[in-house]
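All remarks here apply to the structure that follows.
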Amino acid sequence: MNFDLDEEQQAIFDMAHAFGQEHIAPNARAWEAAGEIPKHLWPEIAALGLGGLYVGEEYGGSGLTRLDATLVFEALSMACPSVAAFLSIHNMCAGMIDKFGSEATKTRWLPKACTMQTVFSYCLTEPGSGSDAAALRTRAVKDADADAWRLSGTKAFISGAGYSDAYIVMARTGDAGPGGISALIVEDGAPGLSFGGLEDKMGWRSQPTRQVQLDDCAVPHGNLLGEEGRGFAYAMAGLDGGRLNIAACALGAAQSALTQTLAYMAGRTAFGKSIDQFQSLQFRLADMEVKLQSSRVFLRAAAAKLDAKAPDATKFCAMAKLSVTDAAFDVANGCLQLHGGYGYLADYGIEKIVRDLRVHQILEGTNEIMRLIIARQLLAERG
């Protein structure tokens, strides 16, 4: 098995990394302070083919593999994990439309998603159903007279709420349980769609996060994504890839923290020598490098499983998300410690990485839920 990137994969990584360092990294702190990523960035990213990573070329997408996508998000996160993760959410939505949508749905939504004229957000979590997503209460009822669905409910912790152009909303169209959930596309400006106040978050502050409120929100019947009652299955399938991307974002940001820390330690002196010459600190650096390199191999192995549609792909995606995000946060936190008091200052950039990476252990399924998925599959395999 060859663990090296081929020429095309290396070019994908280098392209995303160069764009991030030139267009995102110099602005990341300002965008965080503003609480919003400027919308002009998205068409620039889309021009590189990053607006529809897994979307077929016939709809304007790049048709990349899940492994290729992890390279993109790792590279972009070296500039800013908040920006990269927002792009991941958009791509998860576009990928769901490409995989599960009818021909009419694909033709309508995907070309503008790929150019990022239409930026997508994803609405699954609710105030009373986070980890227990199948218990969601948002309801969609058919209105035969208006040839529409009418949605009522609240979604919580939605990245891009009030900012994005369209939302994939999971709503109950049938009985209780996963089988009664459908996916619908709600456009910004739809009657009955509104948003809560801006959440004041620890990290990912450049992404506006709000509640999404649906009050008898009218959505055309044709905005149903795929089949009625299959929404929860679509959501879980989308989360396999989403977990890989969130792990890749964590990995890239932690790698950036380590790279910055190595440079800092070379110039910081104590007791007559640079602090990278103290053996105890060298041991810490070595441990961090091992964590990142092993995480990279694990992540790419899980992505290869998903690309190959392996029967244990979901388990591997959960394991990678759990292992990589935990390791990445530990590395970033350790890098802050190695900076001493300077690591606590915004000017050095490390504290932002620590704040941003903390949520990677929570979203796309908490790491406790990842353990639950892994354990259940282990027991099922045992028989």
Give the range 110-136 a look and list any residue that's touching a Ser or Thr at 6+ places or on another chain (Cβ under 7 Å) and modelled with pLDDT of 90 or more, or say none. Lys112, Val119, Phe120, Ser121, Glu126, Pro127, Leu136
Restricting the range 329-366 to residues that are part of a helix (DSSP H, G or I) and of a type in the set (Ser, Thr, Tyr), the one surrounded by the most Cβ atoms within 10 Å (Cβ to Cβ) turns out to be Tyr348
Could you check the range 75-115 and list, in sequence order, the residues that are hydroxyl-bearing (Ser, Thr, Tyr), within 19 Å of Glu228 (Cα to Cα) and in a helix (DSSP H, G or I)? Thr105
Can you pull out the residues in the range 1-17 that are more than 19 Å from Met116 (Cβ to Cβ) and surrounded by 12 or more Cβ atoms within 10 Å (Cβ to Cβ)? Leu5, Gln9, Gln10, Ala11, Phe13, Asp14, His17
By residue number, the members of the range 92-107 that are in contact (Cβ under 8 Å) with a residue 24 or more places away in the chain and either closer than 11 Å to Tyr59 by Cβ or crowded, with 19+ Cβ neighbours inside 10 Å (or both) are Met92, Cys93, Ala94, Gly95, Met96, Ile97, Asp98, Phe100, Gly101, Thr105, Lys106, Thr107
Would it be correct to say that Ala176 is of a type outside the set (Phe, Trp, Tyr), outside any strand (DSSP E or B) and under 20 Å from Ser121 (Cβ atoms)? no
Please find, among Ala176, Ala183, the residue that is surrounded by 14 or more Cβ atoms within 10 Å (Cβ to Cβ) and either closer than 23 Å to Ser88 by Cα or over 22 Å from the mean Cα position of the chain (by Cα) (or both). Ala183
Among the residues of the range 33-59, count how many are part of a loop (DSSP other than H, G, I, E, B) and surrounded by fewer than 18 Cβ atoms within 10 Å (Cβ to Cβ). 8
Return yes when Ser62 is under 24 Å from Val324 (Cα atoms) and of a type in the set (S, T, N, Q) and no when it is not. no
Sort through Gly229, Gly222, Gly238, Gly242 and tell me the only one that's within 32 Å of the chain's Cα centre (by Cα), closer than 18 Å to Gly101 by Cβ and not in a helix (DSSP H, G or I). Gly229
Breaking point among (1) of a type in the set (Gly, Ala, Ser); (2) touching a Pro at 6+ places or on another chain (Cβ under 8 Å); (3) assigned to a strand (DSSP E or B), for Ala161: (3)
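The values are calculated or read from the model by the stated rules, or taken from the named source; none is laboratory data. Since the model is a prediction, treat every value here as computed from it, not as a measurement. Neighbour counts run over all protein chains shown; Cβ positions are idealised from the backbone, glycine included.
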